[in-house]
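A short worksheet on the structure shown next.
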Amino acid sequence: MKNKQDKTRKRNLIWRYSFATLLIIFGIVLSYFNMSNEFLGFSSVSLWLIYVGFVMLTVITLQMLFKKERIVDERMEFIASKASRVTFIGIILFAFLIMIIDGIKPIEIAYSYFMSYLICGIVLLYIVSYKILSNKY
Amino acid sequence: MKTKIAFYRKKLNITQEELAELVGVTRQTILVLEQGKYNPSLLLAYKITNALKQKKIEDVFKIK
């Protein structure tokens with residue numbers, strides 16, 4: 001059981017390191033070919049990709065060095081799945097609400113701000129629902 | 001679900017933390033199991049029964 005967990009952890013680590021490296025490589029390639037100035041409507045993508053890649057590498061390395069062994073049991077998985085479902089329903093309801101509000105009065109908020117708020121909202125909703133459900137189950 | 005985890009645990013003189021470590025779950029899980037708030041899987045019920053040195057799962061867990 002422990003051996004299987006170790007294998008999974010190792011595999012996850014390799015995947016995370018590969019993804020971070022891929023981000024950096026992608027950022028360097030975009031920067032080298034000067035494609036980053038206007039990429040899908042975003043500017044300076046390459047620098048951000050390199051930055052995020054390096055932050056990811058640092059976080060993964062720090063986690064690997066200092067993280068204590070955490071137990072994830074079946075109850076936590078059960079609560080997490082329920083919290084995910086609640087969050088998903090929340091997103092659907094929120095999208096519906098946004099559509100109605102946008103129909104009444106057009107939303108003039110910048111797309112990047114909107115996405116940032118949305119992601120913060122999703123994370124917050126997940127955490128709150130997880131905390132409430134962990135008191136219930 | 002009604003459980004006798006607390007009863008057998010006290011009989012063996014072990015803490016929730018120790019039992020949690022024995023079966024590979026968190027202390028909170030043992031707490032909610034004792035309170036009967038959470039229904040464990042068959043595997044976890046089996047592990048707890050074994051850790052509490054009981055023979056049958058029905059001795060520890062009872063459906064209300």
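What follows draws every value from the coordinates through simple rules; no lab data is involved. Predicted model, so just to flag it, every value in this text is computed and none were measured. Quick reminder, even Gly has a Cβ in these numbers, built from the backbone with ideal geometry, and neighbours come from all protein chains shown.
What the table below lists for this structure:
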read-out	value
Mean Cβ count within 10 Å, highest first, over the residues of peptides A:70-79, A:117-126	A:70-79, A:117-126
For B:Thr26, distant residues with modelled amide H under 5 Å away	A:Asp73
Cross-link reach list, lysines versus B:Lys37, counting only Cα pairs under 16 Å and skipping chain neighbours closer than eight places	A:Lys82, A:Lys131, A:Lys136, B:Lys2, B:Lys4, B:Lys62, B:Lys64
Average silhouette area of segment B:2-57, convex hull of alpha-carbon atoms, in square nanometres	3.3 nm²
Whichever lysines have a C-alpha closer than 22 Å to that of A:Lys4, once near sequence neighbours (fewer than 8 apart) are set aside	A:Lys67, A:Lys68, B:Lys47
J(HN,Hα) series, segment A:66-73, from Karplus relation 6.51 cos²θ - 1.76 cosθ + 1.60, nearest Hz, glycine and proline x	10, 6, 7, 5, 9, 8, 10, 9
Cβ crowding within 10 Å averaged over residues, with B:19-31, A:4-16 ranked highest first	B:19-31, A:4-16
Number of partner chain Cβ atoms within 10 Å, mean per residue of A:66-78	4
Per-residue mean of C-beta atoms belonging to partner chains within 10 Å, peptide B:35-47	2
Estimated distance in nm for a label pair at A:Leu47 and B:Asn13, the labels positioned 7 Å out from Cα along Cα-to-Cβ	6.8 nm
All-pairs alpha carbon distance profile, the protein assembly as shown, 5 Å steps from 0, percent	1, 6, 9, 11, 11, 13, 12, 10, 8, 6, 5, 4, 2, 1, 0
Rounded to whole Hz, the Karplus (6.51, -1.76, 1.60) HN-Hα couplings of segment A:53-61, x for glycine and proline	x, 5, 4, 4, 4, 5, 4, 4, 5
Cα-centred dipole magnitude for the protein assembly as shown, charges only on beta-carbon of K, R (+1) and D, E (-1), debye, nearest 20	1400 debye
Amide H partners (placed H, <5 Å) of B:Gly36, local residues excluded	none
Global geometry of segment A:74-136, whether rounded, prolate or oblate, following the gyration tensor of its Cα atoms and the 1.5 cut on a/c	prolate
Residues B:Phe61, A:Phe33, sorted so that the one with the fewest Cβ neighbours within 10 Å comes first	A:Phe33, B:Phe61
Ellipticity estimate at 222 nm from DSSP helix runs (n ≥ 4, -39,500 (n - 2.57)) divided over the protein assembly as shown, nearest 500	-24500 deg cm²/dmol
Relative contact order (percent, whole number), chain B, Cα cutoff 8 Å, 6+ residue spacing	48 percent
Sequence of A:Ile24, A:Ile127 once ranked by neighbouring C-beta atoms within 10 Å, starting from the fewest	A:Ile127, A:Ile24
Whole-Hz ³J(HN,Hα) from phi, Karplus 6.51 cos²θ - 1.76 cosθ + 1.60, for segment A:116-122, glycine and proline x	4, 4, 4, 5, 4, x, 5
